[in-house]
Amino acid sequence: MVIKVLLIFLGIVLMFITPLQAKGRFHNLGKLQVDTAFYKAYFNDFRIPYEQFEDLHTCRIKIISKPLKTTMAARPSFLSLLWGKSSRRYIVFVNTKKDFDGVLLNDVPKTARIGLFAHELMHLRDYETKGVWGVIKRGFQYLSVSGKTKVEHYTDRLTIASGFGKELFSWSHFVLNGSTASDEYKAFKSKVYLSPDVILDEISNCN
């Protein structure tokens with residue numbers, strides 16, 4: 001039992017540890033650090049939701065392009081959790097794995113990209129409301145499909161409430177109906193995230 005608990009805890013720690021990234025130059029924009037590849041290709045789209053979320057402008061955020069198992073991911077740096085909330089740092093990862101069976105960012109239309117960026121930033125807003133144990137609890141939730149579904153539905157609803165529901169709908173609709181992602185990937189997305197129809201209903205409820 002003790003070994004099982006230790007293995008689960010190690011899995012959560014590894015989830016929040018920042019992997020080594022390829023060497024590259026970063027653009028420093030206030031508290032935001034953006035790697036050159038992302039800055040050249042996507043920053044003008046990213047800044048649309050980022051500039052709207054003024055509460056995140058005081059957060060230390062680094063955007064890194066590297067191979068992943070998903071299109072994007074956003075999380076705190078594990079070590080920074082130990083330093084205290086005022087010193088917390090966040091990492092936003094962008095997938096560059098060319099043989100990925102999901103959706104790569106350079107294949108996503110502009111409006112859908114903005115919806116995805118808003119969603120990832122809402123993960124950071126969610127983390128900002130939590131202390132270290134609240135963040136660790138989020139990590140535990142990601143260890144099961146039901147827990148991940150709960151988190152991602154909540155984050156989708158945060159995105160809609162923040163004013164980027166139409167863009168989130170564009171992202172969801174593209175992934176499921178316009179992308180070349182595998183059927184397995186689309187089935188996973190359908191299960192874990194809000195569907196396009198539900199997103200439209202949520203937008204109507206917000207108006």
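Inter-label distance, Y154 to R25: 4.1 nm, where each label sits 7 Å from its Cα along the C-beta direction.
Within the set (i) 43, 42, 38; (ii) 59, 40, 29; (iii) 59, 35, 29, the number that Cα extents along the principal axes in Å takes when calculated for this structure is listed as (i).
Once both labels are positioned 7 Å from their Cα atoms along Cα-to-Cβ, the gap between N207 and D101 label points is 3.8 nm. Legend: ranking of residues H119, H153 from fewest to most surrounding C-beta atoms inside 10 Å; resulting order H153, H119. Counted by neighbouring Cβ atoms within 10 Å, the residues E51, E167 run from fewest to most as E51, E167. With the simple spin-label model, which puts each label point 7 Å out from Cα in the Cβ direction, the K66 to A161 separation comes to 3.2 nm. A Förster radius of 25 Å, combined with the Cβ-Cβ distance separating S144 from S86, puts the computed FRET efficiency at roughly 0.20. Computed 3J(HN,Hα) for the range 152-165, one whole-Hz value per residue from the Karplus formula 6.51 cos²θ - 1.76 cosθ + 1.60 where θ = phi - 60°, is 6, 5, 4, 5, 4, 5, 4, 4, 5, 5, 7, x, 10, x, glycine and proline marked x. By the count of neighbouring beta-carbon atoms within 10 Å, fewest first, M72, M122 end up ordered M72, M122.
Cross-link partners for K150 among the lysines, with Cα-Cα distance under 16 Å and sequence neighbours closer than 8 places in the same chain left out: K137, K189, K191.
Each value in this text was obtained by applying a stated rule to the coordinates, not by laboratory testing. Computed from a predicted model, the values in this text were never measured in an experiment. Here Cβ is always computed from backbone atoms with ideal geometry, including for glycine, and neighbour counts include all displayed protein chains.
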